[in-house]
Amino acid sequence: MNKIVLGIDPGFADVGWAISRIDDCGNMYPSKLGVFSTKKSAKDKASVDNCKRGGEIYLFLHNLVKEHGIEFIYAEAMSFPRNASVAGKMSICWGAVSSIAANPDLGIKGIHQASPQSIKKALTGKATASKEELQEALEAAYGIVTGK
């Protein structure tokens, strides 16, 4: 039985995403991908702006899951930045992702995380691959042009 999965590269300003079908043999067939961006408000206080942007991420992912019948979420695991402000913003993003996964109305069967290094190693053979090397590997494997 085929599974429809959503891959997420969580970020506060930019959330990378890809929808794929995985067949019974484990072969992956990407169908759509993109980047969802939030913009910092010049007029709102940072705390208000952060809540609004977290809500935007949640609504985008909610609509994506509903529209495409996503069953599983695969995401790059959260790394913990040294900067408290960045860590807080990443936590807001992860709150949105976790809320989507836990929403019983959406029917997500599971959320799986992998470290950035394990994703790089799986795609390129080396854990220290650059973004350009990752893009080349994805293009070679799936014929997808990646990037913004």
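Within the assembled protein chains, the solvent-accessible surface assigned to L106 is about 20 Å², based on a 1.4 Å probe. For region 79-144, the Cα-based Rg and Dmax, in that order, read 15.4, 39 Å. Solvent-accessible surface of region 16-108, taken per residue with a 1.4 Å probe and all protein chains present: 58 Å². Report V86's accessible area, 1.4 Å probe, all protein chains in place, as a number in Å² to the nearest 10. That residue has around 70 Å² of solvent-accessible surface.
For the chain, the 222 nm mean residue ellipticity estimated from helices alone, with every DSSP H stretch of n ≥ 4 adding -39500 (n - 2.57) and the total spread over all residues, rounds to -14000 deg cm²/dmol. The trypsin sites (Lys or Arg not before Pro) of region 1-86 meeting both criteria, a DSSP state outside H, G, I, E and B (loop) and at most 10 other C-beta atoms within 10 angstrom of the site's C-beta, are K39, K43, K45, R82.
In this view, the solvent-accessible surface of D24, computed with a 1.4 Å probe and all protein chains in place, comes to about 120 Å².
Temperature 4 °C, viscosity 1.567 mPa s: under these conditions the Stokes-Einstein estimate for region 13-97, based on its Kirkwood radius over C-alpha pairs, is 89 µm² per second. Computing FRET efficiency as 1/(1 + (r/R0)^6) for S115 and D14, where r is the C-beta to C-beta distance and R0 is 22 Å, gives about 0.70. Note on surface exposure: T124, T38 rank T124, T38 by accessible area, highest first, 1.4 Å probe. Projecting the Cα atoms of A42, A102, F12 onto the charge dipole of the chain, computed from C-beta unit charges around the Cα centre, puts A42 farthest toward the positive end. When the alpha carbon coordinates of the chain are projected onto the principal axes, the ranges are 48, 37, 23 Å, largest first. Taking a sphere under 13 Å around the Cβ of S20 and counting the other residues whose Cβ falls inside, with K and R at +1 and D and E at -1, yields a net charge of +1. Backbone amide hydrogens, once placed in the peptide plane, bring Q113 within less than 5 Å of A75, excluding anything fewer than 5 places away on its chain. Surface composition of region 1-97: carbon plus sulfur atoms hold 58% of the accessible area, using a 1.4 angstrom probe and ignoring ligands, DNA and RNA. Modelled label positions at M1 and I92, each set 7 Å beyond Cα in the direction of Cβ, lie 3.8 nm from each other.
Within the chain, the selection of entire DSSP H helices by a Cα span of 15 Å or greater along the long axis and an average Kyte-Doolittle value of at least -0.5 returns 46-68, 84-102.
The values are calculated or read from the model by the stated rules, or taken from the named source; none is laboratory data. All figures in this text were calculated on a predicted structure; none of them were measured in a lab. Virtual Cβ from ideal backbone geometry, glycine too; neighbours counted across all protein chains shown. Note: accessible area is taken over every heavy atom of the protein model, side chains too, but ligands, DNA and RNA are not part of it. Shrake-Rupley method; radii C 1.70, N 1.55, O 1.52, S 1.80 Å.
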